[in-house]
């Protein structure tokens, strides 16, 4: 990585660049983006708008644990975290790196910064999630020490599809 890379806590003036990066980084791996490709806009909002709102809320909820990566004065990555203090789990909620700098160790540096943040708070466990189509994450996270626990399948349907199914099945519930 180049010498002029800086990691620092996210600031309010970082949000426009973070939002732009969010949409570009998650377009092919976001569950909501997948849903939107199949169903169209949900209630008039696109997945990117909802994702950016969630990222802004994560930064507002835990500003000390969310970090921007700057190359010069350009934001090229970020990480958001959350703490489940009762269970002792530090959650890495989002990790995004601009494709222009992929393969240069920035994702690893952001993860190390999150780990440092968790250690400072004596958090004993760390969690991160990804989708099966996120090849970068699936390669990076095990290299950084994470072990796979399980996989999850997301199912989705519209109210109209549920009504159609109910009519077709005669309103009878099937046994599992």
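Total residues in the stretch 114-136 satisfying the condition of being modelled with pLDDT of 95 or more, part of a helix (DSSP H, G or I) and under 15 Å from the mean Cα position of the chain (by Cα): the figure is 1.
Assess whether residue 148 counts as being surrounded by fewer than 10 Cβ atoms within 10 Å (Cβ to Cβ) and at pLDDT 95 or above. The answer is yes for residue 148. Would you check if there is a residue in the stretch 146-154 being closer than 15 Å to residue 79 by Cβ and free of Cβ contacts under 8 Å to residues at least 40 places away in the same chain? Scanning the stretch 146-154, I find at least one residue that is closer than 15 Å to residue 79 by Cβ and free of Cβ contacts under 8 Å to residues at least 40 places away in the same chain, so the answer is yes. When the stretch 64-76 is filtered for residues that are within 16 Å of residue 115 (Cα to Cα) and surrounded by 14 or more Cβ atoms within 10 Å (Cβ to Cβ), the ones remaining, listed by number, are 65, 66, 67, 68, 69. Criterion applied to 36, 85, 58 was being closer than 23 Å to residue 127 by Cα and surrounded by 14 or more Cβ atoms within 10 Å (Cβ to Cβ), and the one residue passing it is 58.
Among the residues of the stretch 1-32, the one identified as surrounded by 17 or more Cβ atoms within 10 Å (Cβ to Cβ) and farther than 23 Å from residue 75 by Cα is 32. Taking the criterion of being part of a helix (DSSP H, G or I) and either surrounded by fewer than 10 Cβ atoms within 10 Å (Cβ to Cβ) or in contact with a strand residue (DSSP E or B) (Cβ under 7 Å, 6 or more places away or on another chain) (or both), the residues of the stretch 163-172 that qualify are 167, 168. Residues 95, 111: which one is modelled with pLDDT of 95 or more, in contact with a helix residue (DSSP H, G or I) (Cβ under 7 Å, 6 or more places away or on another chain) and closer than 26 Å to residue 33 by Cβ? Exactly one residue qualifies, and that residue is 95.
Could you tell me whether residue 100 is over 15 Å from the mean Cα position of the chain (by Cα), under 23 Å from residue 125 (Cβ atoms) and touching a residue at least 24 places away in the same chain (Cβ under 8 Å)? When the stated conditions are applied, residue 100 does not pass them.
The values are calculated or read from the model by the stated rules, or taken from the named source; none is laboratory data. Since we're looking at a predicted model, the values are computed, not measured. So basically every Cβ, Gly included, is an ideal-geometry build from the backbone, and we count neighbours across all protein chains shown.
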